[in-house]
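Q: After the structure tokens below, expect a handful of questions from me.
The values are calculated or read from the model by the stated rules, or taken from the named source; none is laboratory data. Quick caveat: nothing in here was measured; it's all calculated off a predicted structure. Cβ placement follows ideal geometry from the backbone for every residue including glycine, while neighbour counts extend to all protein chains displayed.
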Amino acid sequence: MSNSDPKTRPRPGPWPPAPDSSAMPPSSWAKKTGFRPKFSGETNASDSGQISLPPPRPREPEAQPDLEAGRARPQPAPNGVPEREVAAPAPAAPSDKDQTVKRRKDSNGGSKVAANGPSGPNGQAAAGPTEPNSQPRRPARIEEVVDVLPHGVDDDGNVARHSHMKYELRDTPGLVPIGLYGFQHYLSMLGSIILIPLVIVPAMGGTYEDTGNVVSTVLFVSGVTTLLQTSFGSRLPLIQGPSFVYLAPALAIINSPEFRGLNGNNFKHIMKELQGAIIIGSAFQAILGYSGLMSIFLRLINPVVVSPTIAAVGLSFYSYGFPLVGTCLEIGAVQILLVVIFSLYLRKVSIFGHRVFLIYAVPLGLAITWSAAFLLTEAGAYSYKGCDINVPASNIISEHCRKHVSRMKHCRVDTSHALRSSPWFRFPYPLQWGTPVFHWKMAFIMCVVSIISSVDSVGSYHASSLLVASRPPTPGVLSRGIGLEGLSSVLAGLWGTGTGSTSLTENVHTLAVTKMGSRRAVELGACVLIVLSLVGKVGGFLASIPQVMVAALLCFMWAMLAALGLSNLRYSEAGSSRNIIIVGLSLFFSLSIPAYFQQYGISPNSNLSVPSYFQPYIVASHGPFRSKYGGVNYVLNTLLSLHMVVAFLVAVILDNTVPGSRQERGVYVWSEPEVAKREPAVAKDYGLPFRIGRVFRWVKWVGL
């Protein structure tokens, strides 16, 4: 008969009941799947590197990724015991995996486990002392430090973490591997570097020879500024080059009313105006970085702001992309189709351990399409009897030739004389187009654009650091990188590239695909780029790419840029109604408001002097702002016709005024300077070389 006395009734055990501590040996399926059973019991905190914490709540919800903290929350085992803590009756020798983890922790400057509170986002941790004589307590659930960006699963089903990078930031495997991977890195980003000059130089009225010279200048400045950034800037393996952020404002300045009807060399005159605007805007960006104001401005920049701003940059060129591809559809459409097939359908094909089609989708598609177009041209597919491509369209009398002049101009590959007219050796030098001309209204536009460029770089710094570095940079390191980008853009303005120099957004995609994060490889590739820029034939060859192929490649590049911008939402709660509404409003108004400005005052039957794909950039002459101050009208009409400016204004105002938790907003959290100074790995990742940091140790806002 059972005892009914409540005082003497035995107390029930813990629920759910703890399983037997003796573990069964893992079977074959467990070895394959990596299954680890969960056990109950106490473990030695010093063995696992963890710190004893107060007991957690008895019931935990289902494991969810901690988006704010930048790590995964593993589901706790019964009784709140972490699944990695297994009770053993006797101390056993550490396994190979434990030794590997310990070595990695030692190399990174110690453990990254938080004590008595949630760890900081993006792999940051707060350390706290332990009491050696304290009573043993049940360990709380352990948050494994996993970076946000690499935490996804790649095409092979592997978790993309630092260990899956072939080379990380400070790795130097040897001259031959570094050279090969550096060449691969730059070749995969060839389109981002050279395509912008192929758009703006013809728009300025430049010749094929001018296009080749500008391409060589871009290669030279890109190599020099990349070396500066990897040595004295953020020190991340980010290629510097002409950003698409500068393309729309450059086209707006090129199509300004005062430049119409110019006599003589329009190219040099407009280029000098662009140089002056870029120099002033870049100087403003340098002051923003080196003065420490960027660290304050950084509080307003979060993933919900970066995402629509960068996406609007890619979406803004829809009027230029396919309309120009349609001028020779059989070549342009094939170019787009090949790049899509290589980058999507053949992305898993590996040759000698390299995903050739995914990494080289743009160069391979360009080479195949260019070869096919060359064969069609030589076979006479675009040759028409009695028609000469060198005769201006206005002088053609035959109706037959008028009908086919557009196809001859856009489909033939022998219309460019850039390769034939370019010299074998040419050294790009500063002020090669003349003395820059400064106008305050154009300079003010470039100052605003430099802020958008800084926002773009913030997202690139954060994402790339999670891939290749031990921790995200400190606000001082980020300010130092932004300041150096301003100085790099000043050099671009002095040399005359037509755009500023900034960290290319496509760096993040290239790092994730090539798995090459070595700083030395990028620096060696930059040196090769400088050498190639001195060979004039290289610039002439790249300048001879047919315009329809350039437009087809840009369709892919701009689409990828928009997707890379939207991918920043993974750092926030993308399913939050707050974030959905903010991003949706930012993107919609970034398309609708500029459309209002671009269409204002234009009658449907008006005969404009520019091609249809450049009409969105002549808004300064017919915008709704028509006060007695012409310069103010120019600035307001131009800025509000730029999609990225409208997206940034809407997103930054809403994100910083609408209430929301830090986890919901996905606030970027950078490394703390005090923690970074104590960790050798962080100091080696971001510290300046040649002990320069010691000289400027007093400048707290641009260092560790």
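Q: Please determine, by comparing only the residues of the range 500-532 that are of a type in the set (A, V, I, L, M, F, W, C) and within 10 Å of the chain's Cα centre (by Cα), which one is farthest from S453 (Cα to Cα).
A: So the residue we want is L511.
Q: May I ask you to list the residues in the range 408-450 that are of a type in the set (S, T, N, Q) and in contact with an Asp or Glu (Cβ under 7 Å, 6 or more places away or on another chain)?
A: S421, S422
Q: Next question. Between a first residue in the range 370-392 that is surrounded by 14 or more Cβ atoms within 10 Å (Cβ to Cβ) and β-branched (V, I, T) and a second residue that is modelled with pLDDT of 70 or more and assigned to a helix (DSSP H, G or I), which pairs have beta carbons less than 7 Å apart while being 6 or more apart in sequence or on different chains?
A: So the pair list comes out as I389/M408; I389/K409.
Q: Right, something else. Among the listed residues V334, V339, V313, V325, which satisfies the condition of being within 28 Å of S489 (Cβ to Cβ) and either in contact with a helix residue (DSSP H, G or I) (Cβ under 8 Å, 6 or more places away or on another chain) or aromatic (F, W, Y) (or both)?
A: Selected residue: V313, the only one of V334, V339, V313, V325 that is within 28 Å of S489 (Cβ to Cβ) and either in contact with a helix residue (DSSP H, G or I) (Cβ under 8 Å, 6 or more places away or on another chain) or aromatic (F, W, Y) (or both).
Q: For the range 353-376, which positions are farther than 25 Å from M557 by Cβ and not hydrophobic (A, V, I, L, M, F, W, C)?
A: Scanning the range 353-376 gives a single hit, G353.
Q: Regarding the range 482-503, can at least one residue be identified that is touching a helix residue (DSSP H, G or I) at 6+ places or on another chain (Cβ under 6 Å), in a loop (DSSP other than H, G, I, E, B) and under 21 Å from A311 (Cα atoms)?
A: Checking the range 482-503: at least one residue is touching a helix residue (DSSP H, G or I) at 6+ places or on another chain (Cβ under 6 Å), in a loop (DSSP other than H, G, I, E, B) and under 21 Å from A311 (Cα atoms).
Q: Moving on to the next point. Pairs under 7 Å by beta carbon, first residue acidic (D, E) in the range 405-429, partner modelled with pLDDT of 80 or more, six or more apart or different chains?
A: Hits for this filter: D414/T377.
Q: Out of the range 255-269, which residues are part of a helix (DSSP H, G or I) and in contact with a Ser or Thr (Cβ under 8 Å, 6 or more places away or on another chain)?
A: P257, F267
Q: Can you give me the ranges of the helices (runs of 4 or more DSSP H) entirely in the range 601-689 with at least 3 residues that are closer than 27 Å to S464 by Cα and more than 31 Å from the chain's Cα centre (by Cα)?
A: In the range 601-689, there are no helices (runs of 4 or more DSSP H) which contain 3 or more residues that are closer than 27 Å to S464 by Cα and more than 31 Å from the chain's Cα centre (by Cα).
Q: Mind checking which pairs have a first residue in the range 544-561 that is closer than 20 Å to L419 by Cβ and a second that is assigned to a loop (DSSP other than H, G, I, E, B) and of a type in the set (S, T, Y), Cβ under 6 Å, 6 or more apart or different chains?
A: S544/S416
Q: Give the residues of the range 510-569 that are crowded, with 20+ Cβ neighbours inside 10 Å, touching a strand residue (DSSP E or B) at 6+ places or on another chain (Cβ under 7 Å) and in a loop (DSSP other than H, G, I, E, B), sorted by residue number.
A: If the condition is that a residue be crowded, with 20+ Cβ neighbours inside 10 Å, touching a strand residue (DSSP E or B) at 6+ places or on another chain (Cβ under 7 Å) and in a loop (DSSP other than H, G, I, E, B), then G517, S518 are the ones that fit.
Q: Could you go through the range 571-581 and let me know if any residue there is under 19 Å from L195 (Cα atoms), modelled with pLDDT of 90 or more and in a loop (DSSP other than H, G, I, E, B).
A: Within the range 571-581, none of the residues are under 19 Å from L195 (Cα atoms), modelled with pLDDT of 90 or more and in a loop (DSSP other than H, G, I, E, B).
Q: Name the residue that is farthest from V449 (Cα to Cα), counting only residues in the range 485-499 that are in contact with a Ser or Thr (Cβ under 9 Å, 6 or more places away or on another chain) and surrounded by fewer than 24 Cβ atoms within 10 Å (Cβ to Cβ).
A: Step by step, filter the range 485-499, then rank; the result is W495.
Q: Would you please name the residue that is modelled with the lowest pLDDT, looking only at residues in the range 596-631 that are among the aliphatic types (A, V, I, L, M) and in contact with a Phe, Trp or Tyr (Cβ under 6 Å, 6 or more places away or on another chain)?
A: A620
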